[in-house]
Amino acid sequence: MFTETSNAYNLLRDPSAQTEIDALEQQAFHRKDPKTYEWNTSQRLKKQKEYNALGKLAGLKGSTIYYPFGGFDPQSPFSLLPEARDVFSQGFENFGGRQDLKTFVLAGFQENHWPDFDNYRDLHEMQHDMRGGLWPVALNRIQEILGGKIEGVYHFLLNEDGKIKFLDSPENKDKAKYKNGVIVFRDPKTNELKRYWYLPQKVSQKDIGFDAFLKRLKFKILMIKAMPSMILEEKGRERAIEIALDPAIRNGARVISDQRIASTGGGTKEDLPQ
């Protein structure tokens, strides 16, 4: 149902884009001293094992995970269920375009942009520094945390009937076309191709194409992680349910969720329904 077509334009056709992605991959080995790099790697592997154990405990099975309010976080769902082939993540920022990769490469070599498994400082720093699309953050996490080999980056539109239409030519000045994207990577353990899909949607807005897409999407796992409680306050509650819970009910999906963070961003609220 959701596959790249032969005429879909792969951003990696641009030699300079491939060079920048390769530079990010190589930079991981030089950004910190060997001991620190080794320690970070061991900590990430430990987290991945913890997530995988949690997925097994929850009895998760399936090839597709829907991750509303997940933002640019590919490592959590793919660690929770390494067998998954597709993760569909929804967030608030746009996927972004070619220029964002160049900006990220220039800014990403700084010490404070080192990606950790459960630390999203790199994302917040990028939001502040880049002020553009954040897809390079997801790409960097796929490389450095999941160990994936990037095979393709594609942009797509959603038709009013919810069908995906891949863009078939290099970028132009119409930034509105580059809201949605998918990163295709090869799993280092199984050599299988996996896809990380990203679709922006603000809870305060409705979108005909996005809503139709959700009705077409088939999945067996709904993942909710670190979802701000403000999303379920009166103003956004109905829309949040439409985005997350209604599709899960239609698909008979298993839901896995952590405690939501408070509206203020500090601590958790034990009395919030899960």
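The values are calculated or read from the model by the stated rules, or taken from the named source; none is laboratory data. Note that this is a predicted model, so its numbers are computed, not measured. Every residue, glycine as well, gets a Cβ built from its backbone with ideal geometry; the counts of neighbours run over all protein chains shown. Remember, those area values only see protein heavy atoms, side chains included, never the ligands or the DNA or RNA. Shrake-Rupley method; radii C 1.70, N 1.55, O 1.52, S 1.80 Å.
Check Glu111, Glu93 and return the single one that is open to solvent by 10 Å² or more (accessible area, probe 1.4 Å), more than 24 Å from Leu217 (Cα to Cα), charged (D, E, K, R) and at pLDDT below 95.
Being open to solvent by 10 Å² or more (accessible area, probe 1.4 Å), more than 24 Å from Leu217 (Cα to Cα), charged (D, E, K, R) and at pLDDT below 95 holds for just one of Glu111, Glu93, which is Glu111.
Which residue out of Tyr178, Tyr198 is out of contact with any Leu (no Cβ under 6 Å at 6 or more places or on another chain) and either under 30 Å from Leu45 (Cβ atoms) or at pLDDT 95 or above (or both)?
Testing whether each residue is out of contact with any Leu (no Cβ under 6 Å at 6 or more places or on another chain) and either under 30 Å from Leu45 (Cβ atoms) or at pLDDT 95 or above (or both) leaves just Tyr198.
What are the residues in the range 47-79 that are of a type outside the set (A, V, I, L, M, F, W, C) and open to solvent by 30 Å² or more (accessible area, probe 1.4 Å), if any? Steps first, please.
Taking the range 47-79 as the starting set, the residues that turn out to be of a type outside the set (A, V, I, L, M, F, W, C) are 47-52, 55-56, 59, 61-64, 66-68, 70-71, 73-77, 79.
Across the range 47-79, the qualifying residues are Lys47, Gln48, Lys49, Glu50, Tyr51, Asn52, Lys56, Gly59, Lys61, Gly62, Ser63.
Is it true that Pro82 is at pLDDT 80 or above and either open to solvent by 10 Å² or more (accessible area, probe 1.4 Å) or of a type outside the set (A, V, I, L, M, F, W, C) (or both)?
yes
With (1) in contact with a Phe, Trp or Tyr (Cβ under 9 Å, 6 or more places away or on another chain); (2) outside any helix (DSSP H, G or I); (3) at pLDDT 90 or above as the list, and Lys32 as the residue in question, which single condition is left unmet?
Condition (3) is where Lys32 drops out.
Taking only the range 190-200 into account, find how many residues are crowded, with 22+ Cβ neighbours inside 10 Å and over 15 Å from Gly152 (Cβ atoms).
1
Out of the residues in the range 159-189 that are free of Cβ contacts under 8 Å to residues at least 24 places away in the same chain and in a loop (DSSP other than H, G, I, E, B), which is surrounded by the most Cβ atoms within 10 Å (Cβ to Cβ)?
Out of the qualifying residues, it is Asn172.
Going through the range 206-237 one residue at a time, which ones are modelled with pLDDT of 85 or more and open to solvent by 100 Å² or more (accessible area, probe 1.4 Å)? I'd like the intermediate steps shown before the answer.
At the first step, the residues of the range 206-237 found to be modelled with pLDDT of 85 or more are 206-225.
Residues satisfying the conditions are Lys206, Ile208, Lys215, Lys218, Lys220.
For the range 75-101, give me each residue that is within 30 Å of Asn172 (Cβ to Cβ) and of a type in the set (D, E, K, R).
Asp86, Glu93, Arg98, Asp100
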